[in-house]
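Notes for the one structure printed next.
The values are calculated or read from the model by the stated rules, or taken from the named source; none is laboratory data. Nothing here was measured: the structure is a model prediction, and the numbers come from that model. All Cβ positions, glycine included, derive from the backbone under ideal geometry; neighbour counts span all protein chains shown. Ligands, DNA and RNA are stripped out before the accessible areas are found, and what is left, the full protein with its side chains, is counted by its heavy atoms. Shrake-Rupley method; radii C 1.70, N 1.55, O 1.52, S 1.80 Å.
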Amino acid sequence: ISLENIMDYNIIEIIEKKIRKEELTKEEIEFFVRNYTQGIIPDYQAASLITAIMINGMTIDETYFLTSSMINSGKRITFIKEVLDKHSTGGVGDKVTIALIPILASMGYSVLKMSRKRTSVILGRNS
């Protein structure tokens, strides 16, 4: 754990700033994502910040900075060819996925299927 990660910002001050409906900076958001993913910021503090965000919202810039920080926080997979994604929340009303994926695959596309576990249960798989 790097001391510079811990010392550049204070998560409690960031949480309080969002509670006051103030806009977070790119650096504050990057600090949060970096230190949360490294296990430095505990879950209860992350939950407090997320609650403040849910109550008070985010600006377009904050949303962009959070999304960018999350994308850059982990490993990336590089694909040799273009890959499509069909995301589903796994709701009972999802009637598109079961037909769309085989159609796209038959056309030669590689398709990632992102879903919650419930869809796997509906389709008879236990994964």
Work out, step by step, the length gained on full extension between Ser73 and Ile98: first 0.36 nm times the residue separation, then minus their alpha carbon distance; give nm to one decimal. 5.8 nm
The range 60-81 scanned against label point 7 Å out from Ser110 along Cα→C-beta; backbone N under 20 Å for 74-81
How large is the accessible surface of Asp8 in square angstrom, using a 1.4 angstrom probe and rounding to the nearest 10? 70 Å²
Classify the range 1-86 as rounded, prolate or oblate, taking a ≥ b ≥ c as the square roots of the eigenvalues of its Cα gyration tensor: rounded when a/c is under 1.5, otherwise prolate if a/b is larger than b/c and oblate if not. oblate
What spacing in nm lies between the two simple spin-label points modelled at Thr63 and Glu23, each 7 Å away from Cα in the Cβ direction? 1.4 nm
What net charge do the residues around Lys17 carry, taking every other residue with its C-beta under 14 Å from that of Lys17, with Lys and Arg at +1 and Asp and Glu at -1? -3
